[in-house]
Amino acid sequence: MSLDEKVNAIEQVFEKLDAEISQFQGWSGLHCKWGCGKCCFKPDIEATILEFLPFANWLYHTEKAFEWLERLTQTDESICLILNPTQAGAGLCTEYKHRGLICRLFGFSARTTKHGSKELVTCEIIKTEQAELYTKAAAHVEQEKESVPVMHNYYMQLHAIDYELTRDFYPINQAIQKAIETVLAYYAYRTK
Ligand code: SF4
């Protein structure tokens, strides 16, 4: 698979997920708090290289890859470098269109418990500020009365695109850095 084919395949998975999340938000009424972005401040967010390949490929084609690589290699910051704490608007992500799979899943997806049932995964702000809606949604998810994106299913879809670039999880800034290095190596090889 060429790099462009992989990026297209990843973006199709993201489009399908975004549609499933909209459907979930539609029936549950759950939503992010305007301007929040609190989940992005978590210092231990982990991601795969593949989920940031679309972002890295876009950086390459907009001639920003080396600038970002320099920022990422010179920081030991664990909080995502894409985050802008002072950004106005719905959230604090400066590259929302290119955010990773973990970013899309968090707040509006379910994990499968060891008993095989689904458990809604969301943030404390939603659980407390939208408590009634949350309790109802969590019950519907567990009883499989309504559909919800399942984390494992989406990681499996990325695995199917490229196993090597989804096998390991890295701290988010390292995952982004490795995605950029992967794209630069790909094109460097092709321009020899
Ligand atoms: S990529 Fe965007 S949504 Fe994901 S952690 Fe970084 S700032 Fe948050």
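The values are calculated or read from the model by the stated rules, or taken from the named source; none is laboratory data. Everything numeric here is computed off the predicted structure, so don't read it as measured data. A quick note on method: Cβ atoms are made from the backbone with ideal geometry, for glycine too, and the neighbour counts reach across all protein chains shown. Side chains are part of the model used for accessible areas, which takes the heavy atoms of the whole protein and leaves out ligands, DNA and RNA. Shrake-Rupley method; radii C 1.70, N 1.55, O 1.52, S 1.80 Å.
Residue-by-condition table, conditions (1) farther than 28 Å from residue 53 by Cβ; (2) aliphatic (A, V, I, L, M); (3) within 15 Å of the ligand (Cβ to nearest atom):
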position: 92; (1), (2), (3): no, yes, yes
position: 96; (1), (2), (3): no, no, yes
position: 101; (1), (2), (3): no, yes, yes
position: 108; (1), (2), (3): no, no, yes
position: 115; (1), (2), (3): yes, no, no
position: 120; (1), (2), (3): yes, yes, no
position: 124; (1), (2), (3): yes, no, no
position: 132; (1), (2), (3): yes, no, no
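For region 69-83, indicate whether the set of residues that are acidic (Asp, Glu) and under 18 Å from residue 151 (Cα atoms) is non-empty. No, region 69-83 has no match at all. Taking region 1-20 as the search range and keeping residues that are touching a residue at least 24 places away in the same chain (Cβ under 8 Å) and hydrophobic (A, V, I, L, M, F, W, C), which one is surrounded by the fewest Cβ atoms within 10 Å (Cβ to Cβ)? Ranking the candidates gives 1 first. Counting the residues of region 100-139 that are touching a residue at least 24 places away in the same chain (Cβ under 8 Å) and either aliphatic (A, V, I, L, M) or open to solvent by less than 40 Å² (accessible area, probe 1.4 Å) (or both) gives 19. With respect to (1) within 15 Å of the ligand (Cβ to nearest atom); (2) part of a loop (DSSP other than H, G, I, E, B), the lone exception for residue 72 is condition (2).
The residue list 116, 107 contains one member that is small (Gly, Ala, Ser), within 30 Å of residue 85 (Cα to Cα) and assigned to a loop (DSSP other than H, G, I, E, B), which is 107. Could you tell me whether region 47-56 includes any residue that is out of contact with any Pro (no Cβ under 8 Å at 6 or more places or on another chain), open to solvent by 80 Å² or more (accessible area, probe 1.4 Å), at pLDDT 95 or above and not in a loop (DSSP other than H, G, I, E, B)? Checked region 47-56: no residue is out of contact with any Pro (no Cβ under 8 Å at 6 or more places or on another chain), open to solvent by 80 Å² or more (accessible area, probe 1.4 Å), at pLDDT 95 or above and not in a loop (DSSP other than H, G, I, E, B).
Of all residues in region 152-192, those satisfying the criterion of being within 15 Å of the ligand (Cβ to nearest atom) and touching a strand residue (DSSP E or B) at 6+ places or on another chain (Cβ under 7 Å) are 169, 170, 171, 172, 175, 178.
What tally of residues in region 12-58 results from selecting those that are of a type in the set (D, E, K, R) and farther than 19 Å from residue 172 by Cβ? Adding up the residues that qualify gives 5.
Cβ separations smaller than 8 Å between residues 6+ apart or across chains give the following pairs from region 64-91 residues that are closer than 20 Å to residue 42 by Cα to residues that are within 13 Å of the ligand (Cβ to nearest atom) and of a type in the set (Lys, Arg): 79/42; 82/99.
Against the conditions (1) within 14 Å of the chain's Cα centre (by Cα); (2) open to solvent by less than 50 Å² (accessible area, probe 1.4 Å), residue 75 satisfies every one except (1). Taken together, the residues in region 140-192 that are among the basic types (Lys, Arg), closer than 30 Å to residue 75 by Cβ and open to solvent by 80 Å² or more (accessible area, probe 1.4 Å) amount to 2.
On the stretch given as region 22-46, residues that are on the phi < 0 side of the Ramachandran plot and within 13 Å of the ligand (Cβ to nearest atom) total 11. For residues in region 21-60 being of a type in the set (Gly, Ala, Ser) and touching a residue at least 24 places away in the same chain (Cβ under 8 Å), which is farthest from residue 151 (Cα to Cα)? Selected residue: 35.
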